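Following: one structure in structure tokens, then a few remarks.
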Amino acid sequence: MCGIVAVIGSRDAAPLLLKGLKTLEYRGYDSAGIVVLSGDKELHRTRAVGKVENLENKINKTQTKMVGNTGIAHTRWATHGEPSNRNAHPHISSGTVSIVHNGIIENYAELKISQESIGYKFTSDTDTEVIAHEIHDKLKGDVDLLAATLEAIKSFEGAYGLAVLSSKFPGRMVAARSG
Ligand code: GLU
């Protein structure tokens, strides 16, 4: 069963996220990843197959980039798409919206077809990636992250827990769950 950790505040997020993931290791997982929203308002992502320790080792090599006070993290138990780096969460849409997801989006195949038809490119084999694109698609004009997420989740069938970050909304985080 997967684990989700999210941090928003004034402290460096990456060490707190890793600590949180370690406390969830007992639940079982096949891969892990984190996204940190840095001071330069960019999303920086690191993912690794296997233990959280592998993720930590990778992050330690790129530490200068993974600095920021806001972040989301995930230990994945694959349901759609093999355990691999490209399928590990967080997923990112268009460089600006990042999400982690626990559960299954039952209608992901039809959402994927319609998202591809309007130009979204998929970089994973998961059911999860449609969530990131759907929220990105709803973030138009003056819409804020909460409103876009509320609009997007109307399209999802299935059970989910989510944490959402956007580089356009530093200092904001949205969480949602169903089922
Ligand atoms: N269905 C998603 C996936 O395969 C999430 C799995 C989970 O809950 O860890 O990536």
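Answer yes or no as to whether THR75 is away from the ligand (no atom under 16 Å from the Cβ), modelled with pLDDT of 95 or more, of a type in the set (S, T, N, Q) and out of contact with any His (no Cβ under 8 Å at 6 or more places or on another chain). Walk me through it before giving the result.
Details: away from the ligand (no atom under 16 Å from the Cβ): no; modelled with pLDDT of 95 or more: yes; of a type in the set (S, T, N, Q): yes; out of contact with any His (no Cβ under 8 Å at 6 or more places or on another chain): yes.
Taking the combined requirement at face value, the residue does not satisfy it.
Suppose we keep only residues that are small (Gly, Ala, Ser) and within 12 Å of the ligand (Cβ to nearest atom) within the range 82-103. Which one would you say is surrounded by the most Cβ atoms within 10 Å (Cβ to Cβ)? Working first, answer last.
Taking the range 82-103 first, the residues small (Gly, Ala, Ser) are 84, 88, 93-95, 98, 103.
Checking which are within 12 Å of the ligand (Cβ to nearest atom) leaves us with 84, 88, 103.
Working: SER84: 16, ALA88: 28, GLY103: 20.
If we take residues in the range 82-103 being small (Gly, Ala, Ser) and within 12 Å of the ligand (Cβ to nearest atom), then ALA88 is surrounded by the most Cβ atoms within 10 Å (Cβ to Cβ).
Return the total of residues in the range 97-156 being on the phi > 0 side of the Ramachandran plot and in contact (Cβ under 8 Å) with a residue 12 or more places away in the chain. Quick ask: steps written out before the conclusion?
As a first pass, look at the range 97-156 and keep what is on the phi > 0 side of the Ramachandran plot: 103, 119, 141.
Subsequent filtering for residues that are in contact (Cβ under 8 Å) with a residue 12 or more places away in the chain retains 103.
Final tally of qualifying residues: 1.
Tally time: how many residues in the range 30-53 are within 16 Å of the ligand (Cβ to nearest atom) and either in contact with a His (Cβ under 6 Å, 6 or more places away or on another chain) or more than 23 Å from VAL174 (Cβ to Cβ) (or both)? Break it down stepwise before answering.
In the first step, residues of the range 30-53 are kept if they are within 16 Å of the ligand (Cβ to nearest atom); the result is 30-35, 45, 47-52.
Now narrow it down to the ones that are either in contact with a His (Cβ under 6 Å, 6 or more places away or on another chain) or more than 23 Å from VAL174 (Cβ to Cβ) (or both): 30-31, 33, 48-52.
Residues that pass the stated criteria total 8.
Restricting the range 162-179 to residues that are surrounded by fewer than 15 Cβ atoms within 10 Å (Cβ to Cβ) and touching a residue at least 24 places away in the same chain (Cβ under 8 Å), which is farthest from HIS91 (Cα to Cα)?
Keep residues of the range 162-179 that are surrounded by fewer than 15 Cβ atoms within 10 Å (Cβ to Cβ), which gives 168, 171, 175, 177-179.
This time we only want the ones that are touching a residue at least 24 places away in the same chain (Cβ under 8 Å), so: 168, 171, 175, 178-179.
Working: LYS168: 16, GLY171: 19, ALA175: 15, SER178: 19, GLY179: 21 Å.
Filtering first and then ranking leaves GLY179.
Please determine, by comparing only the residues of the range 16-31 that are of a type outside the set (A, V, I, L, M, F, W, C) and under 17 Å from the mean Cα position of the chain (by Cα), which one is surrounded by the fewest Cβ atoms within 10 Å (Cβ to Cβ).
ASP30
Give the residue, chosen from GLU56, GLU42, that is at pLDDT 95 or above and over 25 Å from ARG177 (Cα atoms). Walk me through how you get there before you give the answer.
Values: GLU42 fails: at pLDDT 95 or above.
After ruling out the rest, the residue left standing is GLU56.
Which one of these does GLU56 not meet: (1) crowded, with 18+ Cβ neighbours inside 10 Å; (2) under 19 Å from ALA163 (Cβ atoms)?
Evaluating GLU56 over (1) crowded, with 18+ Cβ neighbours inside 10 Å; (2) under 19 Å from ALA163 (Cβ atoms) leaves (2) as the failure.
Pick from GLU134, GLU110: which is among the charged types (D, E, K, R), over 9 Å from the mean Cα position of the chain (by Cα), within 13 Å of SER155 (Cα to Cα) and buried (at least 20 other Cβ atoms within 10 Å of the Cβ)? Write out each step before concluding.
Details: GLU110 fails: buried (at least 20 other Cβ atoms within 10 Å of the Cβ).
Answer to the check: GLU134.
Could you tell me how many of the residues in the range 60-95 are farther than 17 Å from LEU21 by Cβ, assigned to a strand (DSSP E or B) and small (Gly, Ala, Ser)?
1
Scan the range 28-38 and give yes if some residue there is acidic (Asp, Glu) and not in a helix (DSSP H, G or I), otherwise no. Lay out the reasoning, then the answer.
The initial filter retains those residues of the range 28-38 that are acidic (Asp, Glu), namely 30.
Remaining after also requiring not in a helix (DSSP H, G or I): 30.
There is at least one residue in the range 28-38 that is acidic (Asp, Glu) and not in a helix (DSSP H, G or I).
I'm trying to understand the selection: among the residues of the range 1-25, which are more than 9 Å from ILE72 (Cβ to Cβ), within 16 Å of the ligand (Cβ to nearest atom), in contact with a helix residue (DSSP H, G or I) (Cβ under 9 Å, 6 or more places away or on another chain) and not in a loop (DSSP other than H, G, I, E, B)?
GLY3, LEU21, GLU25
Is it true that some residue in the range 107-125 is within 16 Å of the ligand (Cβ to nearest atom), at pLDDT 95 or above, hydroxyl-bearing (Ser, Thr, Tyr) and outside any loop (DSSP other than H, G, I, E, B)?
Yes, because at least one residue in the range 107-125 is within 16 Å of the ligand (Cβ to nearest atom), at pLDDT 95 or above, hydroxyl-bearing (Ser, Thr, Tyr) and outside any loop (DSSP other than H, G, I, E, B).
The values are calculated or read from the model by the stated rules, or taken from the named source; none is laboratory data. None of the values given here were measured: they were computed from a predicted structure. Ideal geometry is used to build each Cβ from the backbone, glycine not excepted, and the neighbour counts take in all protein chains shown.
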